[in-house]
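Chemist: Quick one: the structure is below, questions incoming.
The values are calculated or read from the model by the stated rules, or taken from the named source; none is laboratory data. None of these values were measured; they are calculated from a predicted model. As a convention, Cβ positions derive from the backbone with ideal geometry for all residues, glycine included, and neighbour counts pool all protein chains shown. Just the protein is used for accessible areas: all its heavy atoms, side chains included, with ligands, DNA and RNA removed. Shrake-Rupley method; radii C 1.70, N 1.55, O 1.52, S 1.80 Å.
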Amino acid sequence: MRRLLVTGGAGFIGSNFVRMVLSEHPDCLVVNLDKLTYAGNLENLTEFMSHKNHRFVHGDICDGPLVTRLLDEYRIEAIVNFAAESHVDRSITGPKIFIDSNVGGTLTLLEAARDMKVERFLQVSTDEVYGSLGSEGMFTERTPLSPNSPYSASKASADHFVQAFGRTWGLPYNITRCSNNYGPYQFPEKLIPLMIHNAIHDKELPVYGDGLYVRDWLYVYDHCTAIWCVLRNAPPGEVYNIGGCNEKPNLEVIRLILRHVGKPETLIRHVKDRPGHDRRYAIDASKIMRELGWKPSVTFEEGIAKTIDWYLANDQWLAHVVSGDYQNYYRTMYANR
Ligand code: NAD
Ligand code: DAU
């Protein structure tokens, strides 16, 4: 499949995916549909905006006629749906847009894909649809969905719609469920870039609750290669977990960032916890490794060092992203914590 509609390709993971495809797979055309919300940023793709195999379209995945026109005009063979509202804290303060984009938008894409007979629909989902783990065990593809936040509820709902389109209309689909990503171009509302940014600027590091919540980290490039592997090699109707076996408590990640940028641990401040905060995620990715031969390219230690160095070297990117609305967001989100 060489003619792709990538949605949300100006966001964090989507832009890393577009960069990987255009750089490593010169036979592919990428039509990149993005609404450019606060999280969408064309500076993530500066050097690829006039690439001969890249067509950027500013638009909404909820716009059915636009989606159908793109599928028709570019004879799209596969849709990779990254577009979503992606931040759990924002879903707690304002869940409605999560239903509109994550559920309604996915439904719009599914209807267009079915009607235009797209060969593959790849839904980029998340391990958060499985809910929270105690101290033992891992999420497998057979773990029942049990989302806890409005964000994960919207992603789980989208997953159910994708599977319903497969069963009802025979739409050829795959769903990927990845653990927490980190790497270049991540918006600094998420843990790792937020802590890097604050540490660089000697600002307090707001740690929710006791800081012992566990996330399972994967370098963004490795998420992109996993999606590519599924797109190229997976049979339709299969779900794949993606992760690199890098479980870390938040405080361990934060201390590592402080050491790397040479700042003191006195910057750490424990703040009010996130409501409904999932305690632990851990992903069993043995299915994609065994069946499709995918494996991550870097360890967490290598990936985090590359990531911190990237933010240090790209201070202009970071400065643009935190100007304007970000300041209001930060004040509102962290004022009463
Ligand atoms: P992001 O917030 O950085 O980017 C989302 C992109 O989608 C932005 O460019 C935004 O403009 C675009 N978008 C939002 N609503 C849209 C709409 N209605 N129409 C068109 N474009 C729209 O998100 P991310 O972290 O890159 O996540 C991408 C996908 O991967 C999401 O579906 C998310 O659920 C999933 N995911 C993320 C992670 C993670 O750790 N970040 C892990 C697993 C899965
Ligand atoms: O697991 C995959 C998911 O990972 C994706 O589906 C989501 O799109 C993505 O946002 C991410 O969700 P999390 O809620 O796990 O990521 P976040 O970076 O918001 O938080 C990571 C952990 O750090 C979590 O335990 C909350 C904590 N945290 C976060 C922020 C922003 C803090 O302690 N302080 C903070 O300021």
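Chemist: Got a sec? Which helices (runs of 4 or more DSSP H) wholly within the stretch 284-337 have at least 1 residues that are touching a strand residue (DSSP E or B) at 6+ places or on another chain (Cβ under 8 Å)? Steps first, answer last, please.
Modeler: Numbers: elements: 286-292, 300-313, 315-321, 325-335.
Once the helices (runs of 4 or more DSSP H) in the stretch 284-337 are filtered for at least 1 residues that are touching a strand residue (DSSP E or B) at 6+ places or on another chain (Cβ under 8 Å), what remains is 286-292, 300-313, 325-335.
Chemist: Same structure again: How about the stretch 268-283: which of its residues are within 14 Å of TYR208 (Cα to Cα) and either open to solvent by 70 Å² or more (accessible area, probe 1.4 Å) or in contact with a strand residue (DSSP E or B) (Cβ under 8 Å, 6 or more places away or on another chain) (or both)?
Modeler: Result: ILE268, ARG269, HIS270, VAL271, LYS272, ASP273, ARG274, PRO275, HIS277, ARG279, ARG280.
Chemist: Continuing with this model, one more query. Across the stretch 169-211, what is the number of residues that are open to solvent by 10 Å² or more (accessible area, probe 1.4 Å) and of a type in the set (Val, Ile, Thr)?
Modeler: 1
Chemist: Just the residues that are buried (at least 22 other Cβ atoms within 10 Å of the Cβ) and touching a strand residue (DSSP E or B) at 6+ places or on another chain (Cβ under 6 Å), please, taken from the stretch 77-97.
Modeler: Selection gives ILE79, VAL80, ASN81, PHE82, ALA83.
Chemist: Mind listing whichever residues of the stretch 251-283 are assigned to a helix (DSSP H, G or I) and either within 25 Å of the chain's Cα centre (by Cα) or in contact (Cβ under 8 Å) with a residue 12 or more places away in the chain (or both)?
Modeler: LEU251, GLU252, VAL253, ILE254, ARG255, LEU256, ILE257, LEU258, HIS260, VAL261, LEU267
Chemist: Among the residues that make up the stretch 231-248, is at least one of them touching a residue at least 40 places away in the same chain (Cβ under 8 Å), within 16 Å of ligand 1 (Cβ to nearest atom) and assigned to a helix (DSSP H, G or I)?
Modeler: Within the stretch 231-248, one or more residues are touching a residue at least 40 places away in the same chain (Cβ under 8 Å), within 16 Å of ligand 1 (Cβ to nearest atom) and assigned to a helix (DSSP H, G or I).
Chemist: Just to verify a result, which residue in the stretch 32-63, among those that are β-branched (Val, Ile, Thr) and either near ligand 1 (Cβ under 9 Å from one of its atoms) or in contact (Cβ under 8 Å) with a residue 24 or more places away in the chain (or both), is least open to solvent (accessible area, probe 1.4 Å)?
Modeler: For the stretch 32-63, the residue satisfying everything is ILE61.
Chemist: Give me the pairs, please: first residue somewhere in the stretch 179-193 and under 18 Å from SER297 (Cβ atoms), second residue anywhere and part of a loop (DSSP other than H, G, I, E, B) and within 7 Å of ligand 2 (Cβ to nearest atom), beta-carbon distance under 9 Å, and either six or more positions apart or on two chains.
Modeler: SER179/TYR281; ASN180/LYS190; ASN180/TYR281; ASN181/LYS190; TYR182/LYS190
Chemist: For the list (1) open to solvent by less than 10 Å² (accessible area, probe 1.4 Å); (2) away from ligand 2 (no atom under 14 Å from the Cβ); (3) not assigned by TED's automatic domain parsing to the domain that holds VAL21, I need the number of the one condition that CYS224 fails.
Modeler: Status for CYS224: all satisfied but (3).
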